[in-house]
1. Can you confirm whether the range 228-241 contains a residue that is surrounded by fewer than 17 Cβ atoms within 10 Å (Cβ to Cβ) and of a type in the set (Val, Ile, Thr)?
2. Among what's in the range 109-149 and is aliphatic (A, V, I, L, M) and modelled with pLDDT under 95, pick the residue that is surrounded by the fewest Cβ atoms within 10 Å (Cβ to Cβ).
3. Please work out which one of (1) at pLDDT below 95; (2) under 21 Å from Phe339 (Cα atoms) is the condition Asn224 fails and give its number.
4. Just need a number here: residues in the range 150-178 that are among the hydroxyl-bearing types (Ser, Thr, Tyr), under 19 Å from Tyr217 (Cβ atoms) and surrounded by fewer than 16 Cβ atoms within 10 Å (Cβ to Cβ).
5. Kindly establish whether Ala96 is at pLDDT below 90, surrounded by fewer than 22 Cβ atoms within 10 Å (Cβ to Cβ) and hydrophobic (A, V, I, L, M, F, W, C).
6. Would you say Tyr153 is under 18 Å from Arg359 (Cα atoms) and modelled with pLDDT of 90 or more?
7. When the range 109-139 is examined, which residues are found to be over 23 Å from Ser330 (Cα atoms) and outside any loop (DSSP other than H, G, I, E, B)?
8. If only one of Arg204, Arg159 is touching a helix residue (DSSP H, G or I) at 6+ places or on another chain (Cβ under 7 Å), part of a strand (DSSP E or B), among the basic types (Lys, Arg) and at pLDDT 90 or above, which one is it?
Amino acid sequence: MLIKALLTLIFSPIILALQIFGALDKPEVYTAPVEQPQVVKSEIADMATSSPDLTVPTMVATTTSKQQVKPAVKTAPKTSATTTPVAPEPQADFAAINTNARKTLVNIFCTTKNNDLSPISGTGVIIDNNGLILTNAHIGQYFLLKDFREKDYLKCVGRTGSPAYPRYNLELVYISPTWVAENKTILKDQNPKGTGENDFAFLRITGNIDSSSPSEYYSYIEPNMREIINLWEPVLLASYPAGFLGGLSIIQDLNVTSSVTYIQDVFTFGDGSIDVISVGGTVVSQKGSSGGPVVDSKTSLIGIITTSSEGNTTSSRGLNAITVSYINRSIQKELDISFRQFLALDHAKFAQTFESTTRPNLTKLISDELLRQ
C-alpha cells in the first residue's frame with residue numbers, strides 16, 4: 001500500500017471580514033467536463049481556513065499522517081454464450097439531483113449575544129424527514145459554547161434559500177467526543193490543521209423561527225453507507241460558500257452554490273477503508289462550504305465536505321470530504337450502533353441525554369482552552 005501524508009488545514013466556517021471582497025451575483029451550477037480532468041497529487045496539502053476572532057494565543061492542533069488506499073474498482077463480469085445483454089444505466093440527471101440537493105441545504109449561522117465575536121457561517125444537510133442535520137464537528141463545536149461567557153451567549157440558527165434567510169431554530173444532537181478531545185485547542189489557532197478524522201456532528205431542527213409557521217415535512221438526502229467508491233465517479237457538491245463575500249453580504253446575499261465534478265482520489269485513516277474522497281477544485285471550494293453534501297448519481301449522500309487545499313483560485317483548491325461509510329464506522333465505535341440505527345432513534349430524547357451527560361464535559365474542554373492564558 002502506498003504511504004502518503006494527508007496533512008491538511010481544517011476548512012473551517014467562514015468568519016465575517018471587515019472588508020468586502022465582492023459578492024457572488026447568483027447561485028451557479030456547473031456541469032461536469034466531458035473529459036476526465038488530470039489528477040495532480042501533492043505530498044502535503046495546506047488547507048485554506050480562517051478562525052474566530054478570539055484574543056487568545058495561537059496554538060497548533062496536531063495531526064497524523066494518513067495512508068492512501070487503492071481505488072475500489074468494479075470488475076466487469078466475463079461474457080459467455082448464455083450471458084444476457086444488460087442495457088447500460090441511463091445517464092444521471094444532475095439537473096434534477098441539483099434541484100433536490102438544494103432543498104436539503106441549511107446554512108448554519110452563529111452569532112454572539114453582544115456581537116463581540118464575528119458571526120460564523122457553515123453548511124449542513126438534512127438527512128431525514130424529521131429535520132436531522134449532518135455537518136462537521138468543527139461547525140458543531142460552536143453549539144458547545146452556547147453559554148460560554150453568559151447564558152445564551154452564542155446562538156446558531158438554520159438559514160435556507162437563496163439568499164439565505166433565517167428559518168429554523170437548531171440544537172446539537174451529537175458531536176464526536178473523540179474529535180473534541182483531539183481538537184480542543186483549534187479555536188485558538190489562526191491556522192488550524194487537521195485531516196477530517198472524526199469531524200462530524202448532528203444537529204436537529206427544533207422548530208421554525210417564525211412560530212406562526214406550521215410544522216413541516218423536511219426534504220432530505222438519504223445517506224448511503226456503501227464502501228465501494230470509484231475514481232472518476234461523477235458527484236454533485238452543494239454548499240453556502242462565502243469566500244468572496246464580506247461584511248453584510250454574508251448576512252444579506254449568501255446564496256447556494258453547486259457544482260458537478262469527479263471523485264479524483266481516495267484515502268484511508270489507517271485500516272484500508274475509504275474514509276476520505278478528493279473531489280478537486282470547483283466554485284464550491286470556498287470558506288463556508290464545510291458540511292456541504294457530496295451526492296452521487298443515485299441522489300444518495302456519500303460524503304460531506306471537510307477540508308480544502310490552499311490555492312489562489314477556486315479551481316486550484318482541492319476539496320476533500322469524509323465518506324458516509326466512514327461516519328458509519330465511527331458511530332459504531334463511539335456509540336456501538338450503526339448509522340442506520342442512529343437515524344431510527346428519537347433524536348429529541350437523544351439530544352436531551354447528550355445535553356445532560358456528555359455535553360458538559362466537552363464544553364469544559366473547549367472553554368478551559370479558550371480561557372487559558
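The values are calculated or read from the model by the stated rules, or taken from the named source; none is laboratory data. Quantities reported herein were computed from a predicted structural model and do not represent experimental measurements. With ideal geometry, Cβ positions are generated from the backbone for all residues, glycine too; neighbour counts draw on all protein chains shown.
1. yes
2. Leu145
3. (1)
4. Of the residues in that region, 0 qualify.
5. no
6. Considered against the rule, which asks whether it is under 18 Å from Arg359 (Cα atoms) and modelled with pLDDT of 90 or more, Tyr153 comes out as yes.
7. Hits for the range 109-139 are Phe109, Cys110, Thr111, Thr112, Ile120, Ser121.
8. Sole residue among the options that is touching a helix residue (DSSP H, G or I) at 6+ places or on another chain (Cβ under 7 Å), part of a strand (DSSP E or B), among the basic types (Lys, Arg) and at pLDDT 90 or above: Arg204.
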